[in-house]
Amino acid sequence: MTTNIVELKSVGKSFRSADGSDRAVLAGVDFALKEGEIVALLGQSGSGKSTMLRIMAGLIGADQGQVLYHGLPLFGSARGIRMVFQSFALFPWLTVQKNVELGLEAQGVPSEERELRAEKVIDLIGLSGFEGALPRELSGGMRQRVGIARALVMEPEILLMDEAFSALDVLTGERLREDILELWESGQIPTKAMLVVSHNIEEAVMMADRVLIFSSNPGRIRAELPIALARPRNADSQEVRALIDEVYGLMTAGSARPGRTTEKEAKLQLGDRLPEADIARIEGILELLVDEPYRGQADLPKLGEETELTDRELLDVSITLALLGFAQLAHGDITITPLGEQYVAASNPERQTIFGQQLLENVPLVAYICHGLEQDRSGDLPEDLFLRLLRFTLNAEDAESALRVAIEWGRYGNLFEYNFNAGIIHLPKDETPVPE
Ligand code: ADP
Ligand code: MG
């Protein structure tokens with residue numbers, strides 16, 4: 001029988017948003033991390049993955065539901081649960097050895113034992129010889145290894161890795177991931193279960209015993225895919241490729257707002273994050289799609305390989321194409337629509353007109369900006385106004401990104417212009433009302 005180490009039961013969490021109301025970030029999250037398994041968690045940025053991990057680690061409390069650690073309610077942070085973050089805040093004036101010892105020191109472990117344990121972990125993670133180095137003398141990959149060593153030295157029962165490999169270049173990330181899997185498989189670390197948040201679909205499929213897919217607003221687990229292949233796995237094998245395909249399919253289901261099934265839910269809302277895709281990329285992918293060898297339809301993972309886009313970039317541009325009616329997404333494939341074909345065949349000014357029309361119909365934020373400008377007598381409005389609106393539902397980073405995307409798209413669609421220096425959005429010249 002497998003034991004549940006940590007269990008979330010109908011967990012909900014809200015944060016106060018800019019207007020003072022509470023916004024549900026997680027709702028009805030049911031999840032159990034079992035002994036002996038690695039679970040990967042995929043989902044859009046801002047969907048609440050980090051919040052879920054922080055709740056599991058006891059760093060923040062849940063507003064609803066229960067968090068159980070070995071069957072008992074978790075109060076405060078648990079010693080046996082450690083998190084590894086994307087960027088590990090190493091102390092720049094401390095050597096690798098001292099950085100790794102820090103947590104043990106905080107627990108009052110005597111210095112001799114500290115040294116031995118740190119040395120052992122530094123060796124395991126492939127940093128021997130660098131004990132005396134300072135963080136600035138290390139590459140990004142090595143610094144991340146120090147971060148992981150810092151978690152491992154505490155001999156955690158559970159490791160929660162929050163995009164631990166995302167900041168590294170592809171090869172460095174892969175190597176580190178393989179090393180960790182080897183430590184795990186060989187039983188050299190006492191860790192009994194791992195939860196890995198990732199933006200990389202291949203990484204999730206290569207590592208995990210099951211892959212969970214998170215939906216946004218509010219975050220909850222929307223799909224689960226068990227992976228019964230033995231590790232180490234061959235990234236090029238047919239089984240792995242098929243699973244990657246399946247995950248792409250799950251992640252793009254419902255396209256505009258992945259994970260939303262009803263038609264009303266599937267429509268983008270005013271306060272939603274916008275996928276990050278610039279015009280060059282949108283048009284580049286469309287043009288690629290109509291050509292050989294795709295002739296209108298492509299397998300997303302293959303397209304990702306050819307274009308060398310990251311999963312996040314590829315999903316964002318695919319979702320944009322679906323949102324604008326230029327393509328359809330199903331089962332991990334992207335298929336161009338008649339409108340998409342018309343778009344590719346059109347001249348530049350025609351493209352811009354189509355783009356503008358599709359924006360007005362499908363992107364409420366752009367339509368809202370246009371409406372605001374038309375209502376305003378001067379025909380111009382400060383961008384801050386829209387930022388403040390977005391801050392009701394998005395964090396600062398996502399709000400800025402959504403507005404930046406809306407402005408770029410809207411300008412291309414000839415719906416409005418933007419004065420970068422003044423931070424003012426205004427109607428295009430020929431449509432600006434004549435000043436009195
Ligand atoms: P993910 O890790 O999936 O990108 P997060 O869990 O970091 O998502 O955030 C989910 C949402 O919760 C975001 O919209 C974020 O702005 C919000 N959020 C996270 N932490 C806080 C906080 N301490 N206060 C207010 N809002 C927060
Ligand atoms: Mg996060």
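Read-outs throughout are calculated quantities, based only on the coordinates presented, and are distinct from any laboratory measurement. Here the structure is a predicted model, which is why all the values come from computation and not from measurement. FYI the Cβ positions are ideal-geometry reconstructions off the backbone, even for glycines, and counts take in every protein chain you see.
Things worth noting here:
- Radius of gyration (Cα atoms) of the chain, expressed as a multiple of 2.2 N^0.38 Å: 1.09.
- Scattering curve values for region 4-251, log₁₀ I(q)/I(0), Debye with Cα scatterers, q = 0.12, 0.16, 0.17 Å⁻¹: -0.71, -1.21, -1.33
- The Cα center of region 135-181 and the Cα center of region 356-403 differ in position by 39 Å.
- Sum of -39500 (n - 2.57) over DSSP H runs of 4+, divided by residues of the chain (222 nm, nearest 500): -12500 deg cm²/dmol
- Inter-label distance, nm, simple model (7 Å from Cα along the C-beta direction), Tyr418/Leu72: 5.4 nm
- Derived scalar couplings between HN and Hα for region 40-47 equal 10, 10, 10, x, 4, 4, x, 7 Hz in order, rounded to whole Hz, by the Karplus curve 6.51 cos²θ - 1.76 cosθ + 1.60 (θ = phi - 60°), x for Gly and Pro.
- Looking at the chain, the DSSP beta bridges with both ends there are about 65 percent antiparallel.
- Residue by residue, region 276-288 carries 3J(HN,Hα) couplings of 8, 8, 8, 4, 4, 6, 4, 6, x, 5, 4, 5, 4 Hz when phi is fed to the Karplus relation 6.51 cos²θ - 1.76 cosθ + 1.60 (θ = phi - 60°); x denotes Gly or Pro.
- Each peptide in 230-237, 65-72, 267-274 receives the mean, over its residues, of other Cβ atoms within 10 Å, and ordering these scores from highest gives 267-274, 65-72, 230-237.
- Full extension of the chain between Glu397 and Ala242 yields a length gain of 52.4 nm, computed as 0.36 nm times the residue separation minus the alpha carbon distance.
- Gaussian network model of the chain, Cα within-10 Å springs - most flexible of Gly410, Gly58, Gly103: Gly103
- Summarising the amide proton neighbourhood of Gly296: residues at separation of 5 or more, or on other chains, whose placed amide H is nearer than 5 Å comprise Val290, Asp291.
- Size descriptors for region 279-343 (Cα atoms only): Rg and Dmax, in that order, 10.2, 28 Å.
- Percent breakdown of C-alpha pair distances by 5 Å bin, ordered from the shortest bin, for region 50-160: 2, 12, 21, 21, 16, 12, 8, 4, 2, 0
- Scanning residues 5 or more positions from Gly219 or on other chains, those with amide H under 5 Å from its amide H are Leu26, Ala27, with H placed 1.01 Å from N in the peptide plane.
- Equivalent ellipsoid semi-axes - Cα gyration tensor, region 281-412, angstrom: 30, 18, 11
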